[in-house]
Structure formats: C-alpha cells, structure tokens
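Worksheet for the structure shown next.
The values are calculated or read from the model by the stated rules, or taken from the named source; none is laboratory data. Keep in mind it's a predicted model, so treat the numbers as computed, not measured. As a convention, Cβ positions derive from the backbone with ideal geometry for all residues, glycine included, and neighbour counts pool all protein chains shown.
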Amino acid sequence: MKHRIATHTIAIAAGIALAATLSGKRSAYSAAPAEEETQAGKPASTHESRSRRPSVVRKPRAEDFKQAWDAVASKALPISDRVRLQKNLLEKWAEVHLEGALDAAMAEAWDNDRSPGFEVLGTSGNLYMEAFRKAFADRPLDSWALISSGRYGVGSEILRKQWVTSVSASDGVTVISMLGEMPKGLKEFAVDQAMRSAETNPERQAALLAKLLEYPSDQQTERWLKRASAFLPADGDPVVLREQWSTLPAGSQRTLAMMKWGASLKKADDAALREEWAHVPEAERTAAVDTLLTPTATEPKSLLTIIDLAMEAGEWTTVFQKGQENLRWHSSGMDSVKLATWATTLPERPETVEIFHRSVDRYIREDMPRAREWLEQMEPGDWHRERGLAEYSQQALRRHNDPEASRWALDQIADPALKQQAEGWRRDWERETGKAN
Amino acid sequence: MSKSRKILLACTTHLVGIALGWQGWVLAHAPSGTNQETSRAAPSKRDAAGNGMAVEDVFEFVQGSDSVEKEKREVARAQAEFDRELAELDVPADIEAALSRELEEWVKDDQDHRKPSAKIMALMYHWAARDIAGMLKWAESGAAAQEAIMWHSFPVYEKLSKDKGPEALAAGLNGKFAAFTAHAMAQALGTTGDIDRALALKSSLSKAQWEMLRDRFAHTWPIERKDDIAKLAIAENQPELLLQFVGIKGSEGARWLSQMLADGSLDASFAEQLSKNQVWDELAKSGSVLPLNERIDRLRRSGDADRDVVGEIAQSDVTQLLKEGRDWRYAFRHREADAAKVLAEISKSLPELASKAPDALRAQVYFELAEEDPARAMKLLEGQPEAERLQIASQAAKSRFANIDPNDFLAALEHVPADTQELWDSRLAAWNEKSHLNYRRLSDDYATWVRQLPPGLDREMALYSAALAADHWNSEVAAELRAEITDEVLKQKIAASRQ
C-alpha cells in the first residue's frame, strides 16, 4: 500500500517535472526577439521611468548581467521569485557569455531549498540548470567543450546531465555521437533521453538506432540497444523479424533485431504469442524471454502469457525481476478478474509471492464480499488462500477502514509465520491511524 | 534500473499523477506579482564608469523571457484558438480517422517545438462529447495517442464540463486515463461547490469509480464550501479525505478543523477518529495554528519516546517561513545579513517559538545557515556550552549539507573535532551519508575529488565512504578507492563489510 502511494507521488513529481520541461521547451519555441518581448511584457507603470533611461534600448552585456546577478542578494525576495528572476538572468546571460553565466550559477548552492528532495528531470536538483536549456541546445559542441574542460570541477556532472537533457530534445544524434566522451554513469541516461525525445517520430528514432549501431559491437553497445528498445513502436511482422535475428551472427545487429521482434509481439494475443513462441529455438529462449519482458512504454497485451512462458522455460530470475516489474507498471490497465484468476495458477515459489499480491489486490478491494467468497472457496492451507487472506486484511484496513474484516481474514491464516507478518502490517496501520487499543 | 527509466515508466503507467502534477505546476507557478513589485522597488545601481546598464533595466530586460509569463500567454493563445476552432470546425463523421491524421503531423515536431493543437482539442471535444470511453480506449493504443491526451485533455474536459455538465465525463472513468477524468470532474464539481450534485453521481458509478472521484475532492473543493466536504467525509466515513483536504488548505484548513474538534460540532465518533489519526498529528506540526504546547503534546503522543518534537516543530516553522517570506539563507550567503540579524528576523516572525524554545530555534537557524557559510554561521553557537555546540555542529554535519558542493561540507567539518569515539563515529556517519548522495549525483568526478583531498582523517573517511557508494555504480573505481585507504580501523571495517 505504502509503496503504491509512494509511486503515485513519484508520478506526480514526474508530471511536474514534465510540465516544467515542456513549458521550458515551448518557451523556447515561442521566443520572439528579446527586445520585442521586453516591450510587450513590460508593466505599464514603468513606461515613464523607462523613457528616462535611453540605455535600455540596447541588450545587456556580460558585465551588466554580472552586476545584476550580484544585486539579487539585496532584494527581499521569497525563494521562488528569486530563483525565477535568476533563471531569467542566466538564460539571457548565457546567450551573450555562457561561461560567465555558468560560473555564476555554479558558485551558488547546488541544492533545491525551494522544494527539498524534488528534482526536475535532468537538473540533478539544481534550481538553476533549466536556464541553460536553450544555450546548450543551440551550441551543443561549444557548451560540451566548456563543461567538460574541468572548469566546474566536482560539479561537472550536474552540467553534463543538463546538457544531455537539453540537447536530446532536438538533436539526439549529437548526444549519441558523444557517448564515447561521457563518464560511465551518464551514458545510459543519455541513451534514454535521446530515444525518449524521438518516441513519436519513427524517422528520428531510426536515425538514433543507426547511430548506436556505429559503435563497436560489444556488450556495452548491446546494453545501450536494449535500453533504446524500450521506446520501439509495437509494429512489424514477428515472423519476418524472427527470421532476421535468427540468421544474424551474435552482436549488436542481432540484439536490435531481436528487440524489434519483441516489440512486434507487444500487441499479440495469447494464441498468436504462443504460436510464435513455438518457433523460438530452445537455445534462444533465455534471451527471448528476457527480450519479451524488457519494460517498454507500450503495454504488452499478453503480459500474463509472457510470464507463463518464462515460468515454463524455468527462467525464474527473469520472472522475479522483470515479471514483477512489468506487472507493477501495467497491471492497473488489466481486467481485475482475469488477473486474480491467473494469480491462482501461480506456483508457490519465492519469485512469485509479490507477483501474487499485486495480481489480487485490486480484485479484492473492488468488491470485498466477492473476494471473501472467493477465498473461502479455496482449500484451507492452499498458499493462494493464505496469501490472499493477508492481502484481504491489508485492503480491508487501508482501503475500507474496516478492522473487523481484517480480523476475520487474519484469523483464517494457518501459517504462523505469515500470520505474524500480516499482523505486523495491521499494527503499522493501527499506529498510523491512531486505532491501536 | 536507473531513476530515469523509472520515471519514464512512471510516465506510462501513472499518467494520472503526471497530469495532476502538470496542473499543480501550472497553478504553483501562477505569478504572484511579488516579483515585479519588489524588483521595481529595489535600488538602482550603475557600474563605476557609468556606462553600464542600471540593474533595474537588466531585470526588466530579462523579464520578457520569463517562462511563467510565456506559459500564460501560451495557454491564453491555445484557449483562444481552441474556441475559434470549435466554432469553425465541420465535425467529421469519422472523428478517429480525422484525429489520427492530425496526430500524425503533430507528433513529428520534436518535443522542443511542440505546441498544443487547437484542431486536436476540437476533435477530441466532439469525440468525448459523443463517446468519451471510446476516445480513451483509442488513447491507450500507442505513444502518440497518449501524448495527445497528455497535452490536450484538460482544456477539453474543462470546456465539456462547462457546456454539458461534469456528469458528461462519467463514462470516462475507466482504463488508464480514468484518474485524468476523475480529476477534471472533481474540479468542475468543485467549481459549482454543489455537494449534493456530487453525491448524486454515486449511484451511477461503480464503487471504485466513485472512490476515485470522491478522493479527488480533497484537492478540488473550495475552502469556502468546507462544511460540505465535512458532510461528505462523515457520510462516507472517510476521516482521511477530510484530513487531506485540510492539509491542502494549509493553516486556514487546520484552524477550521481544530475549531470544530474543540467546539464539538462534529459527529462524536467521527471526531474521535480524526483526532486519533496520525495525519492530524502531523498537520499539527506544520503551521502554527495550535498553541505550541498542544503541538508538542500531539507529536509526543504519536512518536517514539526519543523523538525531538520541538526540533521538528522549529524545522517545520523555519523552513516554511524561509519559503514564504524573504529567503534569508541567500542574503546571509551573500553577506547582506549576518547570522545574528537572521536569527533576530526569524524570531520576530515566530515569537512563540522564540520565547518558549529559543535553543531549538537557534539550532534550526544554524542548520539553515551552516550550509551557506559554516564559519560565519558558527557565531550563532558561540554563547552555547561547548558540549552542546559540538553536538549541534556534529548533527548539522550529519543531517545537512546534502546536494551541495562537497567542498562546503569539508569546510564545515573543520568546526567539528573527532577526538572522542562518539564524534569519530558521527563524522564517519556524516561522510557515509554525503558520499552516498554525492556519488549518485556527481558520479566519478566525486571519486576524483576524494582522491585529491589532502592526507588526514577526512581523506580516509571520504575514501572509505566513497568506496562503499561507488561499489553500486562502478566497481573498478570502488576498488581503486579502497586501495588508497591507509587508516587501519577503516581498512578493517571495509574488509569486514565485503565478507
């Protein structure tokens, strides 16, 4: 439960990040020449004072920005207004002197005192970074040279990350072409960012994948290709694509072909998926299962069958790691009855426990009496019943504020260890809601 | 799985949150006017030679590129185009086909150049009016359709609610985008402030749909109609709903609820559930609505025995004040104010805390300022007994200095000795905490920085903690860092941690 709430909070945060990002991007699009903007956006009350200042007709120079920056501290501003003013300064300053603007930003604190812990994607939580979006995108190579020069010391990675986000939005190919110059930790982030920016544009996506294939065919390149494939569209003919990868020698080309095959099966129904699976050679099944369960933006239509295939192939580690992860992202769109029914077919193994809980939680909470009847019909001691009762107790407490229903379920649990664990979950709820006796 | 991948996937499955985040962001960034006012009031400065621009003119110049102002203009433009498109559109028989055609072109723009499309909004409006469930099913068909919903659904739903009533959206409370719909409906119903109209929907919705809608009222219901939401929460036996509403409404909400709990105007058993709920205790911590003693009692009751509740209250009040009022940390950093001045200003704004818990307030102000300039911040603790001073400085080293330049953290450690086992342990804990955050954020540059530190205890602790942090990200670098440790205790410790 707590985990769910946490993920929603993250999603909301991601939304804010996305909103901020998009707005920044749109601003860049709609930017009229700066002088005109100043005229149009100027408050009427300052017209008079402006007319007495002929110097305003020209653009500020680097030293004017520096002086204005230094004057900010004397203004009695709340943090959000201050940062907004500073970001506006930095954005324009970077147009005339990127180095001066970067020096000023990096000499300030690097954290986020406005909303501690919150991080707009790509900014490393530094409030000023978004101001450099346009400068980095307009002059990617110059700005990369500057931020990689060592001038910003231990803070360089913050700038590199913003560079990746900024340049990816319009020129992912340049980002991919710079992977070799990036520190290890940044490369995969860069692949994600570049591919994400091209998610709805097949031509740009193809250009990015082609650029990735220019790298030597090694494990690193294959890892990048797997990440990039999360953004592949769910189209193509699986049979043709399988023939492609099965004839290619091991290496990048084959990995990408297999990922495309996996993407083409995202929309396949159960029967079509099993039919296609029957043609996958035994020796390729480990890689094939891994491919099919690579998390993607597109919801797999037959996710449960894919997990079944992984279990049939004995790929328990993949089931545990990727199966669980896929369900976490995609189960909310599935039919809850179908999902819960499928859960009762899961074998009892450490790898399937969490999968079971996440497959029955919604079915239980949607209709508690129905769930009770469902659980009562199962054989006493059946592990599905045991785990189902534990989940029932959680849903009764967390979603229905119903301690009596929870007590009923807890009292049915036969396994002492599980009962103890579920009672612990209940005590957490009692403490949080002040319902402890 | 990396954080970015997680966010990406969150984007695909928690669209609701994203949309709400979007809306929250737009609202939170609505210009307050403060900026313009204060920036005009600030003194005008020119450079010594007299040929530079006055700083006021520079501020004015950059205001034209203000992203919030641009966003507002963009929203107004899109709204006007949407209205015009709606008036002019010849509604096609096959809306889906027309929309798909529009979308094909629209998604080709890279994200940097993308704008909301009035034509797409108008088509979506008509489709949603006819068959919102069908439209949302289509929206799940791929990344492009999903983008279309992300960019356009709120203005479309808002207009549709206005024209045909929020009830017209009810069939859209299914599938991946259900919570988008729920939020739009709750917003529209919140605008009407008509709780009976909201309750009337209950019978036509499934339990899950109703609960999704109901829970959004905490976010959308107007404070002026607060009695209605209390009525709803009681009818539904949902103390959490009311507490969430109160939390969102800030001090006005908290004052109202505490008044109702005090005067017995709420249903007795509901009031008991509310007052026992941990969320209410936490709400009492933030916002100085209740008397200090009562806030302390509430937190003591719900927390661990050794919880520093006065410290938590001081933290909550001071950070809130620094967010809403002048950011004194920044003034202090740039020597516009010294530590004593900042403490005096904050005490003026928090008189009850200043008089009843002056030590906690001073410690909190020190925590805030130490990150900006540790040496000057120490002035605040000069009058304190040494043991207490060390304890506060050591606590600051451990719990503050996250996400800032590690050089500033190192400078702060100069004020904290390590000559007792307790201080040594605390110092190592501080390094572990910082290296964990810094390695994740600064990557291998952090390892390079650590290796360049001058010999001494801090270098040893930095190597130790960075090696632990790097192990997760870059095992080669972790091994190099480990190999440079010379302190025998730390060497043994790291060897033990690897067994």
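Structure data summary
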item: Qualifying residues in region B:321-346 (those that are of a type in the set (A, V, I, L, M, F, W, C) and within 26 Å of B:L283 (Cβ to Cβ)) - the one surrounded by the fewest Cβ atoms within 10 Å (Cβ to Cβ); result: B:L321
item: Single match in A:E276, A:E282 (criterion: closer than 29 Å to B:K137 by Cα and of a type outside the set (G, A, S)); result: A:E276
item: Matching entry among A:L102, A:L98 (being more than 9 Å from every other protein chain (Cβ to nearest Cβ), surrounded by fewer than 22 Cβ atoms within 10 Å (Cβ to Cβ) and touching a Leu at 6+ places or on another chain (Cβ under 9 Å)); result: A:L98
item: Residue in region A:195-211 that is within 16 Å of A:M258 (Cα to Cα) and touching a residue at least 12 places away in the same chain (Cβ under 8 Å) present; result: yes
item: Checklist (1) closer than 26 Å to A:R328 by Cα; (2) touching a helix residue (DSSP H, G or I) at 6+ places or on another chain (Cβ under 6 Å); (3) among the aromatic types (F, W, Y) applied to B:Y157, failing item; result: (1)
item: Test set (1) within 14 Å of chain B (Cβ to nearest Cβ); (2) in contact with a Ser or Thr (Cβ under 9 Å, 6 or more places away or on another chain); (3) in a helix (DSSP H, G or I); (4) surrounded by 15 or more Cβ atoms within 10 Å (Cβ to Cβ) - A:N401 fails condition number; result: (3)
item: Of all residues making up region A:140-193, the number that are part of a helix (DSSP H, G or I) and within 12 Å of another protein chain (Cβ to nearest Cβ); result: 30
item: Elements of type helices (runs of 4 or more DSSP H) contained in region B:172-261, each with 1 or more residues being in contact with an Asp or Glu (Cβ under 9 Å, 6 or more places away or on another chain) and among the β-branched types (V, I, T); result: B:195-200, B:226-235
item: Residues within region B:83-95 that are surrounded by fewer than 16 Cβ atoms within 10 Å (Cβ to Cβ), part of a helix (DSSP H, G or I) and of a type outside the set (A, V, I, L, M, F, W, C), tallied; result: 3
item: Filter result for B:V318 (within 14 Å of chain A (Cβ to nearest Cβ), surrounded by 20 or more Cβ atoms within 10 Å (Cβ to Cβ) and part of a helix (DSSP H, G or I)); result: yes
item: Residues of region A:219-234 that turn out to be touching a Lys or Arg at 6+ places or on another chain (Cβ under 9 Å), under 23 Å from A:L303 (Cβ atoms) and either surrounded by 23 or more Cβ atoms within 10 Å (Cβ to Cβ) or modelled with pLDDT of 90 or more (or both), as a count; result: 4
item: Criterion: of a type in the set (S, T, Y), crowded, with 18+ Cβ neighbours inside 10 Å and either in contact (Cβ under 8 Å) with a residue 60 or more places away in the chain or on the phi < 0 side of the Ramachandran plot (or both) - qualifying residue of B:S265, B:S258, B:S269; result: B:S258
item: Residue count for region B:436-448, restricted to those that are closer than 25 Å to A:F118 by Cβ and either touching a helix residue (DSSP H, G or I) at 6+ places or on another chain (Cβ under 6 Å) or not in a helix (DSSP H, G or I) (or both); result: 7
item: Any hit, region A:341-353, residues being within 14 Å of chain B (Cβ to nearest Cβ), over 29 Å from B:Q273 (Cα atoms) and free of Cβ contacts under 8 Å to residues at least 24 places away in the same chain; result: no
item: Filter result for the condition that a residue is among the polar types (S, T, N, Q) and modelled with pLDDT under 90, over B:Q499, B:Q492; result: B:Q499
item: Residue count, region A:194-203 (criterion: at the interface with chain B (Cβ under 7 Å from one of its Cβ atoms) and out of contact with any Phe, Trp or Tyr (no Cβ under 7 Å at 6 or more places or on another chain)); result: 3
item: Qualifying residue in region A:418-433 (condition: touching an Asp or Glu at 6+ places or on another chain (Cβ under 7 Å) and modelled with pLDDT of 95 or more); result: yes
item: Test: residue in region A:215-228 that is more than 20 Å from A:W261 (Cβ to Cβ) and among the charged types (D, E, K, R); result: yes
item: Residue match in region A:173-183 (condition: crowded, with 23+ Cβ neighbours inside 10 Å and more than 29 Å from A:D64 (Cβ to Cβ)); result: yes
item: Test: residue in region B:434-457 that is at pLDDT 95 or above, over 16 Å from A:G155 (Cα atoms) and surrounded by 16 or more Cβ atoms within 10 Å (Cβ to Cβ); result: no
item: Any hit, region A:415-427, residues being within 12 Å of chain B (Cβ to nearest Cβ) and of a type in the set (F, W, Y); result: no
item: Selection within region B:102-149 - of a type in the set (S, T, Y), over 25 Å from B:K164 (Cα atoms) and buried (at least 17 other Cβ atoms within 10 Å of the Cβ); result: none
item: Selection count, region B:356-382, where residues are away from chain A (no Cβ under 12 Å) and not in a helix (DSSP H, G or I); result: 2
item: Residues located in region A:364-380, provided they are in a helix (DSSP H, G or I) and either of a type in the set (D, E, K, R) or under 25 Å from the mean Cα position of the chain (by Cα) (or both); result: A:R365, A:E366, A:R370, A:R372, A:E373, A:E376
item: Any pair with Cβ under 9 angstrom, 6 or more apart, that starts in region B:332-343 at a residue that is within 13 Å of chain A (Cβ to nearest Cβ) and ends at one that is polar (S, T, N, Q); result: B:H334/A:S74; B:E336/A:S74
item: Hey, B:N407 in a loop (DSSP other than H, G, I, E, B) and not charged (D, E, K, R) or not; result: no
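Here's the yes/no breakdown for (1) more than 14 Å from every other protein chain (Cβ to nearest Cβ); (2) assigned to a helix (DSSP H, G or I); (3) within 30 Å of A:G185 (Cβ to Cβ):
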| site | (1), (2), (3) |
| --- | --- |
| B:A387 | yes, yes, no |
| B:I392 | yes, yes, no |
| B:K434 | no, yes, yes |
| B:V450 | no, yes, yes |
| B:P455 | yes, no, yes |
